[in-house]
Amino acid sequence: YCVEFKTETLSHHCALETRPYARWMQYLREGHTVCVTCQPPAMNTDTHRCSGDGYNADGSKILHWEAVGNSQCQGTWKKIRQLEHCSCPLVHSFIFT
């Protein structure tokens, strides 16, 4: 499954990322909608959910995120909706880890 979030805040450290494999962090923007996929490596085998997916959160709850590989690139987002059938675009798409 996938979850759509609206980014609320993000640290300035995301824009400073220059490593080739992590340049995607430079493109994060406040107010953008991002799509996050929950796949088996990150999925809890008992609950079939990914940690941090905002399962019981409504659209007003502020949730925290952190980029893998750069713990200084972090921020907050609000859950928009969960999608059982993923159709995440190639840009602004992420994977729970």
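Taking the Cα centre of region 16-97 as origin and charging only Cβ (+1 Lys, Arg; -1 Asp, Glu), how large is the dipole, in debye to the nearest 20? Don't jump to the answer; show the numbers that get you there.
On the way: 8 positive and 7 negative charges, 37 e Å.
That gives region 16-97 a dipole magnitude of about 180 debye.
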Using the heavy atoms of the protein chains and a 1.4 angstrom probe, tell me the accessible area per residue for the chain in square angstrom. 64
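Only Cα pairs under 8 Å and at least 6 apart count here; give the relative contact order of the chain as a rounded whole percent. Don't skip to the end; give the middle numbers.
Working: 183 pairs, mean separation 41.6, N = 97.
Value for the chain: 43 percent.
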Ignoring ligands and nucleic acids, PHE94 exposes an accessible area, probe 1.4 Å, in Å² to the nearest 10, of 50
At most 12 other Cβ within 10 Å, DSSP loop - trypsin sites (Lys or Arg not before Pro), the chain: ARG29, LYS61
A 1.4 Å probe over the protein heavy atoms gives region 2-92 a carbon and sulfur accessible-area percentage of 53
Just to verify a number: what accessible area does GLU84 come out at with the full protein assembly present, 1.4 Å probe, Å² rounded to tens? 120
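The values are calculated or read from the model by the stated rules, or taken from the named source; none is laboratory data. Model, not experiment: these values are computed from the prediction. Methodologically, a virtual Cβ is constructed for each residue, glycine included, from the backbone with ideal geometry; neighbour enumeration extends over all protein chains shown. Just the protein is used for accessible areas: all its heavy atoms, side chains included, with ligands, DNA and RNA removed. Shrake-Rupley method; radii C 1.70, N 1.55, O 1.52, S 1.80 Å.
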